[in-house]
Amino acid sequence: MRKLSFAVLACLMSLPLAAARRSDTPKAEDKAKAEVIVGCSDTKLYHKANCKWVKEIEKAGTRVDFKSVAEAKKAGMKPCEDCKPGN
């Protein structure tokens with residue numbers, strides 16, 4: 001009886017932790033929304049923040065930040081073929 005009650009207690013104690021872990025992990029959709037999209041006002045292309053071209057955009061002073069890919073598209077920007085933002 002004692003072994004059974006410890007096993008039941010251990011299972012019950014682990015349930016809230018497992019549920020908390022699942023809810024704390026960001027979903028892919030949330031991660032994509034949180035990503036900064038960097039646009040270039042000269043080329044009218046938008047990039048992921050870690051794209052190799054972002055450094056050049058910053059040097060040229062033509063950087064435009066967007067909160068989402070949809071916002072960049074609405075502004076008439078096209079995706080970079082190297083970093084493929086939005087995929």
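Distant-in-sequence amide contacts of LEU45, defined by a placed amide H-H separation under 5 Å and a gap of 5 or more residues or a different chain, comprise CYS40, LYS78. Computed over the range 31-79, the P(r) curve from all C-alpha pair distances, binned at 10 Å from the origin, holds 31, 58, 11 percent per bin.
Report note on the peptides 61-70, 40-49: ranked by the mean count of other C-beta atoms within 10 Å, highest first, their order is 40-49, 61-70.
Remark: relative contact order (the range 31-79) = 46 percent; criterion is Cα-Cα distance under 8 angstrom and separation of 6 or more residues.
Coordinate-derived values only; no laboratory data. What you see is a predicted model, and the numbers here were worked out from it, not measured in a lab. Positions of Cβ are backbone-derived with ideal geometry, glycine not excepted, and every protein chain shown enters the neighbour counts.
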